[in-house]
1. Once you have the Kirkwood Rh of the chain from its Cα pairs, apply Stokes-Einstein at 25 °C and 0.890 mPa s and quote D in µm²/s.
2. Between the alpha-carbon centers of segment 75-129 and segment 1-70, tell me the distance in whole angstrom.
3. What relative contact order, as a whole-number percentage, does segment 13-168 give when Cα pairs under 8 Å and 6 or more residues apart are counted?
4. Under a crude label model (7 Å from the Cα following the beta-carbon direction), how far is residue 138 from residue 29 in nanometres?
5. Checking the cross-link filter: which aspartates and glutamates have an alpha carbon closer than 12 Å to that of residue 131, excluding same-chain neighbours under 8 positions apart?
6. Helix 137-146 versus the longest principal axis of the chain: what angle, 0 to 90°, nearest 10, using Cα atoms?
7. On a 24 Å Cα-Cα criterion, which of the cross-link pairs 3/123; 64/123; 3/50; 35/115; 3/115; 3/111 come out too long?
8. Any idea what the dipole of the chain comes to, in debye rounded to 20, about its Cα centre with Lys/Arg Cβ at +1 and Asp/Glu Cβ at -1?
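No value in this document is a laboratory result; all are computed from the given coordinates. Since we're looking at a predicted model, the values are computed, not measured. Every residue, glycine as well, gets a Cβ built from its backbone with ideal geometry; the counts of neighbours run over all protein chains shown.
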Amino acid sequence: MFKRDLNRSYPTETESRVIIRFQDCDPLQHLNNAKYFDYYFNAREDQVAKLYDFSPGQMFRELKTSWVVYQHQIAYIRPAQVSEWVRIMSRLIYVNEDTTVTEYIMTDDGKTHLKNVLWVTSKYVSVATGKRIPHDDLIMGYLQATLVPNVDFPSLNFTDRIREIKSHVVTIN
C-alpha cells in the first residue's frame, strides 16, 4: 500500500493510451455511453498502482474501508469510435475529510480533440457499517500527495470546466 515519501514529488495526473474495442460499441460504432466508465476506472486503477504503488483492494482488506461513488457528472462531447486509440487522463481535483472528486478526460490519441469529461464524487466508508468515515491518515497522505494543487473545486462549474479543458486541447478542424 502507498507509503508517502516526503522527499518525492508525485505526479498529479495519470495517463493511459487505450484502444476502443468493438465489443464495447453501439451499432453506430461509437463507444457505448456506459462503457466510458469502464475505460476510465480501468485506466485509473492501472495507473494508480503503477505510479503510486496504491491498491484499493489492499486498502479494503487492511483498513476495512473503501470509496463508494456518490455522484457522476459526464459530458459526451465527441464520440470515441471502434478501433480508435484514445488518451485517458485522470486527476484528483478535490479532497475533504470523507470525500474525493476525480476528474477524467478522454481525447483522441494526438490530444487534439476532447471526447469526454467525467467528474466522479466518492465517499469514504467503513466496510463494516457502510457509513461515511473520515479518511485514515495513511489514505489522507496519499490523497494530499496526488491532489492537483490550486483547483478551487467548490467554485467550479462543470460546464465552465469543460470550456477550460477544451482551451487546453488544440482542436483541428
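1. Working: Rh = 17.1 Å.
Estimated diffusion coefficient is 144 µm²/s.
2. Using only Cα atoms, the two centres lie 9 Å from each other.
3. Values: 258 pairs, mean separation 38.2, N = 156.
It comes to 24 percent, rounded to a whole number.
4. For the pair residue 138/residue 29, the computed spacing is 4.8 nm.
5. Cα-Cα hits under 12 Å: 98.
6. Between helix and principal axis, roughly 30 degrees.
7. On the way: 3/123 22 Å; 64/123 14 Å; 3/50 14 Å; 35/115 14 Å; 3/115 34 Å; 3/111 32 Å.
Pairs exceeding the cut-off: 3/115; 3/111.
8. Working: 21 positive and 21 negative charges, 15 e Å.
Here the size comes out at about 80 debye.
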